[in-house]
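Since the structure comes first, as structure tokens, the remarks are kept for the end.
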Amino acid sequence: MTTDASTSPAARPSSLPVKPRIFSGIQPTGRPHLGNDLGAIRNYVALAERYEAIYCVVDYHALTHVHDPEMLRHQTLEMAAALIALGLDPKRCTLFVQSDRPEVTELCWLFNTVTPVGWLQRTPTYKEKRQNQPEDVNHGLLTYPVLQAADIVIYKASLVPVGRDQAAHLELSREIVRAFNARYGVTFPEPQPVYTDAPVVLGTDGVKKMSKSIGNTIEVLAEPDVIRKQVMSMVTDTQRILRSDPGRPQVCNVCRLHRHFGDDYEQIWEGERTARTGCVDTKKLLVERIIAHYAGARETYKELMADPARLRAILDEGAERIRPIAEATMAEVRERMGLR
Ligand code: TRP
């Protein structure tokens with residue numbers, strides 16, 4: 001059989017993948033916590049079954065706020081190891097480190113030339129970040145969403161699983177793609193967000209979203225003693241003063257978390273409501289369940305972190321696998337834009 005360019009799949013104009021391709025990026029914040037797992041990672045794992053999934057640890061993006069080279073390198077590896085440990089199978093999806101596929105920085109530059117400055121200045125996350133780090137309003141903060149758009153579409157991904165906090169970035173990605181397609185011809189699909197319906201996981205303070213920077217996390221991959229201490233410090237129903245007071249499980253963070261660790265949470269809630277169980281009992285049970293649930297992941301994580309060469313090889317393979325896609329897109333883009 002001859003390879004006829006007009007019928008071979010690789011020759012379809014924008015080389016869209018057959019199975020919908022999804023892409024998501026995650027910040028290299030180091031070892032993830034319970035909020036990262038329930039809010040994003042579990043969803044990554046589930047989606048990798050149904051789609052052609054590409055997941056990326058975004059170290060270029062992190063440079064807009066992390067300036068310690070050793071810390072960046074270490075936290076990047078920690079996040080990658082944790083993603084694998086928590087269930088991402090690098091054989092069934094692509095897992096890579098952003099800076100291992102540097103073509104994206106070229107696409108980011110090219111996208112800069114179709115992106116009005118006003119769009120970026122108006123982005124709410126830019127305004128927030130300016131306020132959070134007023135002494136370091138680097139240009140990377142402004143260009144952050146342009147790089148994010150390049151991340152997604154260099155692989156022509158059409159779906160992007162993200163949290164609602166990324167809505168403005170995704171809208172900008174779509175606008176940048178539209179601007180490019182309008183000027184140079186339809187080259188990229190407009191990426192659609194797939195919002196995770198996962199709950200916002202509150203931290204151990206029971207008030208704020210679980211976050212490393214606040215220090216209210218439950219580190220699911222840490223040693224059991226650490227988990228025990230963190231869970232036992234959790235704020236429960238603040239109106240339940242006496243052990244004999246009836247609890248209000250619907251407002252108790254500990255009770256709410258039980259929903260994710262066993263299908264008997266209604267009995268647990270009933271125990272609280274009727275004051276048959278106390279907050280401490282419910283916490284102790286949660287500790288045991290979290291420790292048990294993550295036991296396998298904790299082992300895998302430790303093994304990977306103890307063998308950086310193996311981890312590096314897995315990540316290199318991920319980056320290599322998608323090299324042809326990045327290169328093909330860049331060839332097409334350069335051609336369309338008049339570069340040679
Ligand atoms: N901005 C995202 C975050 O802060 C991370 C990210 C970078 C991303 N590139 C992406 C998410 C591409 C989705 C798609 O969480």
Worksheet item: Out of (1) within 18 Å of I227 (Cα to Cα); (2) in contact with a Ser or Thr (Cβ under 9 Å, 6 or more places away or on another chain), the odd one out for Y294 is which?
Response: (2)
Worksheet entry | the stretch 179-202, residues that are exposed (fewer than 14 other Cβ atoms within 10 Å of the Cβ) and free of Cβ contacts under 8 Å to residues at least 40 places away in the same chain | A182, D197
Worksheet item: Has the stretch 163-179 got any residue that is at pLDDT below 95, in contact with a Ser or Thr (Cβ under 7 Å, 6 or more places away or on another chain) and within 12 Å of the ligand (Cβ to nearest atom)?
Response: yes
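Residues in the stretch 203-247 that are aliphatic (A, V, I, L, M), free of Cβ contacts under 8 Å to residues at least 24 places away in the same chain and under 21 Å from W269 (Cβ atoms): how many? Don't jump to the end; show me each part of the working.
Narrowing the stretch 203-247 to residues aliphatic (A, V, I, L, M): 207, 210, 214, 218, 220-222, 226-227, 231-232, 234-235, 241-242.
Filter once more, so that each one left must be free of Cβ contacts under 8 Å to residues at least 24 places away in the same chain: 214, 226, 241-242.
Now narrow it down to the ones that are under 21 Å from W269 (Cβ atoms): 241-242.
Total meeting the criteria: 2.
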Fill in: Scope the stretch 79-101; condition surrounded by fewer than 21 Cβ atoms within 10 Å (Cβ to Cβ) and farther than 19 Å from I322 by Cα; matching residues
G87
Worksheet entry | Filtered residue count, the stretch 143-174, keeping only those that are of a type outside the set (D, E) and without any contact (Cβ under 8 Å) to a residue 24 or more places away in the chain | 2
Worksheet item: List pairs: first in the stretch 314-325 and β-branched (V, I, T), second not in a helix (DSSP H, G or I), Cβ under 7 Å, 6+ apart or cross-chain?
Response: I314/P90; I322/I54; I322/T94; I322/F96; I322/R101; I322/Y155; I325/Y155
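If you go through the stretch 199-251, how many residues are assigned to a loop (DSSP other than H, G, I, E, B) and closer than 17 Å to G35 by Cβ? Lay out the reasoning, then the answer.
Of all residues in the stretch 199-251, those assigned to a loop (DSSP other than H, G, I, E, B) come to 199-201, 203-208, 210-223, 233-248.
Still in the running and closer than 17 Å to G35 by Cβ: 199-201, 203-208, 210-222, 233-235.
The qualifying residues number 25.
Out of all the residues in the stretch 266-288, which are in contact with a Leu (Cβ under 9 Å, 6 or more places away or on another chain) and not polar (S, T, N, Q)? Can you show your working first?
Filtering the stretch 266-288 down to residues in contact with a Leu (Cβ under 9 Å, 6 or more places away or on another chain) leaves 268, 275, 277, 286.
Hits for the stretch 266-288 are I268, A275, L286.
Return the residue satisfying two criteria in turn: it lies in the stretch 120-131 and is out of contact with any His (no Cβ under 8 Å at 6 or more places or on another chain) and in a helix (DSSP H, G or I), and of such residues it is surrounded by the fewest Cβ atoms within 10 Å (Cβ to Cβ). I'd like the intermediate steps shown before the answer.
So the first thing to find is which residues in the stretch 120-131 are out of contact with any His (no Cβ under 8 Å at 6 or more places or on another chain), and the list is 120-122, 124, 126-128, 130-131.
Next, from what is left, pick out any that are in a helix (DSSP H, G or I): 120-121, 124, 126-128, 130-131.
Details: L120: 19, Q121: 11, P124: 11, Y126: 19, K127: 11, E128: 11, R130: 14, Q131: 9.
Once the filter is applied, the top-ranked residue is Q131.
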Worksheet item: Where residues in the stretch 47-66 are closer than 17 Å to Q27 by Cα and free of Cβ contacts under 8 Å to residues at least 40 places away in the same chain, which of them is nearest to the ligand (Cβ to nearest atom)?
Response: A62
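Looking only at the stretch 203-215, which residues are in contact with a Leu (Cβ under 8 Å, 6 or more places away or on another chain) and buried (at least 18 other Cβ atoms within 10 Å of the Cβ)?
Here is the first cut: in the stretch 203-215, the ones in contact with a Leu (Cβ under 8 Å, 6 or more places away or on another chain) are 208-210.
Answer for the stretch 203-215, where residues must be in contact with a Leu (Cβ under 8 Å, 6 or more places away or on another chain) and buried (at least 18 other Cβ atoms within 10 Å of the Cβ): just M210.
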Discussion item. Against the condition over 17 Å from F23 (Cβ atoms), touching a residue at least 24 places away in the same chain (Cβ under 8 Å) and of a type in the set (A, V, I, L, M), how does M330 come out, does it pass?
Written reply: no
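Can you confirm whether the stretch 121-143 contains a residue that is under 17 Å from the mean Cα position of the chain (by Cα), within 12 Å of the ligand (Cβ to nearest atom) and assigned by TED's automatic domain parsing to the domain that holds L311?
Kept after step one, since they are under 17 Å from the mean Cα position of the chain (by Cα), are these residues of the stretch 121-143: 125.
Filter again for within 12 Å of the ligand (Cβ to nearest atom), leaving 125.
Going one step further and asking which of them are assigned by TED's automatic domain parsing to the domain that holds L311, we end up with 125.
Checked the stretch 121-143: at least one residue is under 17 Å from the mean Cα position of the chain (by Cα), within 12 Å of the ligand (Cβ to nearest atom) and assigned by TED's automatic domain parsing to the domain that holds L311.
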Discussion item. Going through V186, V231, V235 one at a time, which residue ends up being over 26 Å from the mean Cα position of the chain (by Cα) and closer than 30 Å to L83 by Cα?
Written reply: V235
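Would you check which residues across the stretch 197-213 are more than 22 Å from Y144 (Cα to Cα) and either within 16 Å of the chain's Cα centre (by Cα) or within 16 Å of the ligand (Cβ to nearest atom) (or both) and list them? Reasoning before the result, please.
Initially, the stretch 197-213 is screened for residues more than 22 Å from Y144 (Cα to Cα), giving 197-210.
Across the stretch 197-213, the qualifying residues are D197, A198, P199, V200, V201, K209, M210.
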Discussion item. Based on this model, can you work out whether L257 counts as in a helix (DSSP H, G or I), surrounded by 19 or more Cβ atoms within 10 Å (Cβ to Cβ) and not assigned by TED's automatic domain parsing to the domain that holds W119?
Written reply: yes
Worksheet item: Only one residue in G30, G35 is more than 9 Å from the ligand (Cβ to nearest atom), assigned by TED's automatic domain parsing to the domain that holds L315 and either of a type in the set (D, E) or surrounded by fewer than 22 Cβ atoms within 10 Å (Cβ to Cβ) (or both), so which one is that?
Response: G30
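The values are calculated or read from the model by the stated rules, or taken from the named source; none is laboratory data. Please read all numbers here as calculations on a predicted model, not as lab measurements. Glycine also receives a Cβ, built like all others from the backbone with ideal geometry; neighbour counts cover every protein chain displayed.
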